[in-house]
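The values are calculated or read from the model by the stated rules, or taken from the named source; none is laboratory data. Here the structure is a predicted model, which is why all the values come from computation and not from measurement. Glycine gets a Cβ as well: all are built from the backbone with ideal geometry, and neighbour counts include every protein chain shown.
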Amino acid sequence: MGILRNPYLRQIRRKPSSILGPLTIIILLCYLLFGTSNDPSNNSNNGQLSNNNLNIQNKYSYKPKNKNLFSRAPSDLIPNILPGDHISHFDLNKLASTPMAVYNKEKVLILSPMSKFLNQYWANLLKLTYPRELIELGFIVPRNSDGDKVLNFLEVAIKQVQTGPKEKRFSKITILRQDNDSIRSQKEKDRHALSIQKERRSSMALARNSLLFTTLSPFTSWVLWLDADIVESPTTLIQDLIAHDKPVISANCYQRFFDDSKKKESIRPYDFNNWVESEEGLKIASNMRDDEIIVEGYANIATYRPLMAHFYDANGDVNTEMQLDGIGGAAVLVKADVHRDGAMFPPFPFYHLIETEGFAKMTKRLGYEVFGLPNYLVYHYNE
Amino acid sequence: MNSLFSFKSKVFPETIPKLKLSLMLFLIILILSIKYFLSNLHFDYIPNLDNVPNTFYYDLANYQGSPDGWQRYEKVLFCVPLRDAESHLPMFFGHMKNLTYPHNLIDLAFLVSDSKDDTMGSLRSHLQEIQNDPNPNLHFGEIEIYEKDFGQIIGQGFSDRHGFAAQGPRRKLMARARNWLWTVAIKPYHSWVYWRDADVETVPSTIIEDLMHHDKDVIVPNVWRPLPDWLGNQQPYDLNSWQESDGGLQLANTLDEDAVIVEGYLEYATWRPHLAYLRDPYGDPEVEMPLDGIGGVSILSKAKVFRTGTHFPAFSFEKHAETEAFGKMCKRMSYSVVGLPHYVIWHIYEPSTDDLKHMEWMAQEEARQKEEEKLRKIYQKSWNQGFEDVQDIWKEDRINILKNTDMSKHRKIVVDWSGIDEFDPIEEEVKIVDTNSKQDKEKEKEKEMEIEKEKEKDKDKDKKDEKDKGKKEIDTSDSQQSSDKDKKSKKNQDQLNKQHVNDNDKVLADFDS
């Protein structure tokens with residue numbers, strides 16, 4: 001006994017139950033909460049199945065497993081079993097993306113990754129004049145408390161529209177919760193720090209892809225990428241962009257602000273990811289390591305790329321087009337075929353480009369052209 | 001709990017500080033553990049959209065894919081690209097019926113493109129049949145058939161498809177087709193995506209479970225094909241599953257941006273280790289091998305791989321296209337890509353143009369050999385008859401025949417010595433005439449013998465004719481031979497006669513001396 005100088009150890013030695021008691025309780029609790037439990041109602045079904053495959057029976061168990069108390073039973077997560085002859089057939093040859101979209105009843109899928117719900121965004125979305133029975137919406141929210149907040153707001157807003165008059169309902173709305181952990185901090189300053197740009201945009205690319213490919217349906221003709229912080233756009237945004245009949249076309253993204261020097265409301269360029277490639281940019285890229293990226297809008301990487309944001313002319317023709325090599329995601333209309341061919345948002349450096357800029361590059365690699373409308377403005381939220 | 005209370009009741013006053021200590025310890029552990037569980041358990045807000053029309057909420061974290069997915073109601077999207085595959089469909093649906101993965105958890109997606117045969121009709125009837133089967137365990141989940149023609153650049157013959165020059169554009173086109181299939185088919189609630197070609201001949205019914213339990217992001221089995229005997233019975237089929245090598249990387253650097261390296265062609269020697277060649281028929285099927293490029297015959301991947309944007313590049317991605325570039329892209333997306341060298345499925349054998357030529361030649365050769373065999377039988381028969389061995393018969397006949405020509409026993413030459421010393425030319429003449437008349441008699445005898453011989457031969461001929469009428473050639477040659485023999489025998493006779501004369505002369509000469 002003399003060896004045990006430590007009073008805690010001596011206590012444990014003298015009364016082992018003092019430590020064993022709590023431990024057993026904790027283990028019991030764990031078992032109750034997180035242990036696997038079996039749903040007896042499923043076992044009969046399972047019995048039939050194993051009868052069919054007597055020879056395989058020994059190799060794998062087909063006994064269903066349920067998850068712990070706090071998560072929903074997996075059987076709830078899949079749609080119900082379908083009727084016996086549920087076979088649908090789609091002729092994708094007849095699917096088209098034409099400038100006469102409304103007339104041809106072409107479906108548009110509007111996709112918005114959303115980490116913050118803005119009432120102005122929602123109001124602007126509802127103002128769009130494209131027929132709602134031809135519009136599908138897709139949202140993806142991050143896996144954190146921001147996402148919870150967004151879901152709360154979205155739920156209310158969507159319920160209002162979808163339970164309202166039938167002709168004002170959207171054709172379909174899909175809300176997704178992102179599977180991978182998103183970066184917690186989404187503050188303005190952090191968001192634009194060069195050091196975390198790559199990580200942030202990579203995560204953003206994953207979110208965009210997850211949203212796109214789970215919502216893209218066999219009858220989608222157009223995909224409109226509309227950022228959740230675009231608070232103002234022409235009400236005919238979809239028709240206007242469709243009218244250009246381009247594989248990929250991006251609007252110019254500006255921001256309204258109060259100009260202190262002039263003491264009046266003014267606008268300034270916001271999205272610098274719409275650009276044309278420059279000699280300098282290519283030179284920088286050729287000297288980079290494979291896993292490095294070029295991000296536009298930072299003084300320490302001077303690419304001298306012509307940026308579409310600077311080509312805005314208040315008196316110019318709104319229909320002016322310019323060819324681009326990189327685009328931002330603020331308001332971009334894409335023919336669904338481009339996505340079906342495989343154009344996605346690379347979460348890895350693709351020709352030293354990532355996310356939307358990488359998407360533009362991949363689109364070009366697939367043989368499509370990318371355009372921008374320098375005089376056609378959408379407005380970003382001012383924080 | 002009881003132990004804790006009993007522990008309390010036995011406490012003496014002097015142990016109170018120690019009791020406090022143990023209580024403290026318990027509380028701290030409890031709080032820490034609860035905090036730990038709470039931090040793990042993120043109580044995600046789940047919106048209630050049950051009564052809202054056309055609105056759906058999915059938490060993608062529920063569809064990550066686990067190694068025992070069949071026990072966890074995990075849905076598999078089963079993707080099958082089809083082109084002119086009508087003939088393969090019965091075999092394919094045979095495999096489908098036997099799949100052990102719960103059928104209601106499998107959603108089927110077919111893409112029928114550029115088909116000239118009735119792939120569509122056949123596919124529909126097969127699906128109707130299986131979905132209306134009285135056994136509900138055979139019914140699959142959601143089934144979607146897509147039709148899309150991409151305009152075919154290359155024919156579908158084996159050599160058309162597998163020629164070197166055709167590979168680049170062909171691969172890019174197939175990549176597009178695959179992308180069109182999965183991008184429209186994949187739903188938020190899919191946990192796994194399984195790609196399968198229709199022309200797989202032999203495959204275990206547990207294939208999905210066998211691949212799934214490895215818990216890899218992307219996994220492929222080894223693909224071989226059976227061959228006819230004359231080609232060596234079996235052969236690796238899918239050479240697109242490989243590990244990158246220095247040779248491959250060096251080669252990639254020398255090629256231009258749009259070039260596509262295709263594995264398994266002499267034109268691009270990359271010295272890469274191939275999954276197919278590492279097969280050991282007796283090896284452990286669980287053995288895994290990390291890969292960089294993969295083939296598309298049978299791929300199981302977690303749905304998140306596709307959801308997050310990995311696709312089959314229809315352009316040159318790191319100098320590859322389609323499934324090989326898919327492997328490369330998975331690596332860029334930091335997903336695990338694995339092959340099973342000793343777990344083999346068997347592709348059907350389709351002969352190449354060279355094989356077809358060879359097979360045609362083989363068929364002709366076989367027919368020719370049969371014909372030759374038939375002819376040889378006939379020839380053999382006539383040969384045996386035409387060149388019958390008569391040695392033994394001749395031994396017996398010989399004495400009978402030759403004894404008639406041996407005159408020494410039958411006839412004694414009587415030499416009249418009278419008057420030999422006195423030479424009288426007239427008498428001499430008479431004598432010579434005398435001997436001549438004798439010789440004539442001999443000749444007459446010999447002629448008679450010859451007639452007898454010929455009669456014998458005629459009899460033989462008759463026998464032969466009876467045996468075989470068709471062999472005129474041989475008969476004629478026979479008769480030629482016999483006429484030759486006649487001539488020879490005549491010559492012999494002449495010689496004999498001459499000898500006789502000579503003998504007589506000799507005798508005379510001897511006498512002279």
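Worth a mention:
- Restricting A:88, A:112 to those that are within 27 Å of residue B:189 (Cα to Cα) and within 18 Å of the chain's Cα centre (by Cα) reduces the list to A:112.
- Count - residues of region A:337-360 that are in contact with a Gly (Cβ under 7 Å, 6 or more places away or on another chain) and charged (D, E, K, R): 1
- Selected residue (only one of B:327, B:339 is touching a strand residue (DSSP E or B) at 6+ places or on another chain (Cβ under 8 Å), in a helix (DSSP H, G or I) and either in contact (Cβ under 8 Å) with a residue 60 or more places away in the chain or not assigned by TED's automatic domain parsing to the domain that holds residue B:220 (or both)): B:327
- Tally of residues being farther than 16 Å from residue A:155 by Cβ and assigned to a loop (DSSP other than H, G, I, E, B) across region A:116-129: 2
- The set of residues in region B:125-148 being more than 7 Å from chain A (Cβ to nearest Cβ) and outside any loop (DSSP other than H, G, I, E, B) consists of B:125, B:126, B:129, B:130, B:136, B:138.
- Index of the failed condition, residue A:140 passing every other in (1) within 30 Å of residue B:334 (Cα to Cα); (2) facing chain B (nearest Cβ under 9 Å); (3) out of contact with any Pro (no Cβ under 6 Å at 6 or more places or on another chain): (3)
- Residue ID - surrounded by the most Cβ atoms within 10 Å (Cβ to Cβ), chosen from residues in region A:356-377 that are under 20 Å from the mean Cα position of the chain (by Cα) and more than 9 Å from chain B (Cβ to nearest Cβ): A:359
- Residue that is surrounded by the fewest Cβ atoms within 10 Å (Cβ to Cβ) [pool: residues in region B:226-272 that are closer than 21 Å to residue B:296 by Cα and acidic (Asp, Glu)]: B:244
- The listed residue being surrounded by fewer than 22 Cβ atoms within 10 Å (Cβ to Cβ), at pLDDT 90 or above and not aromatic (Phe, Trp, Tyr), out of B:342, B:358, B:311: B:342
- Residues of region B:226-255 satisfying the condition of being aliphatic (A, V, I, L, M) and under 20 Å from the mean Cα position of the chain (by Cα): B:227, B:231, B:239
- Taking the criterion of being within 30 Å of residue A:222 (Cβ to Cβ) and either part of a loop (DSSP other than H, G, I, E, B) or β-branched (Val, Ile, Thr) (or both), the only residue of region A:249-263 that qualifies is A:249.
- Those residues of region A:207-234 which are away from chain B (no Cβ under 14 Å) and aliphatic (A, V, I, L, M), in sequence order: A:224, A:226, A:228, A:230, A:231
- In region A:283-305, residue modelled with the highest pLDDT [restricted to those that are surrounded by 14 or more Cβ atoms within 10 Å (Cβ to Cβ) and closer than 27 Å to residue A:375 by Cα]: A:305
- Residue B:270 vs. criteria of a type in the set (S, T, N, Q), over 23 Å from residue A:355 (Cβ atoms) and assigned to a loop (DSSP other than H, G, I, E, B): yes
- Some residue of region B:308-321 being outside any strand (DSSP E or B), in contact (Cβ under 8 Å) with a residue 40 or more places away in the chain and closer than 20 Å to residue B:67 by Cβ: no
- In region B:53-68 there is no residue that is touching a Cys at 6+ places or on another chain (Cβ under 9 Å), buried (at least 16 other Cβ atoms within 10 Å of the Cβ) and at negative phi.
- Exactly one residue out of B:107, B:118, B:84, B:114 is touching a Ser or Thr at 6+ places or on another chain (Cβ under 8 Å) and over 25 Å from residue A:141 (Cα atoms): that is B:84.
- Single match in A:333, A:353 (criterion: within 14 Å of another protein chain (Cβ to nearest Cβ), under 23 Å from the mean Cα position of the chain (by Cα) and within 28 Å of residue B:184 (Cβ to Cβ)): A:353
- Against the list (1) under 20 Å from residue B:333 (Cα atoms); (2) modelled with pLDDT under 90; (3) not small (Gly, Ala, Ser), the condition residue A:188 fails is (1).
- Looking only at residues of region B:67-100 that are within 9 Å of chain A (Cβ to nearest Cβ) and not basic (Lys, Arg), we find that the one that is nearest to residue B:180 (Cα to Cα) is B:74.
- Members of region A:285-306 that are touching a residue at least 40 places away in the same chain (Cβ under 8 Å) and outside any loop (DSSP other than H, G, I, E, B): A:285
- Residues in region A:80-109 that are in a loop (DSSP other than H, G, I, E, B) and facing chain B (nearest Cβ under 7 Å) were compared, and the one that is modelled with the highest pLDDT is A:86.
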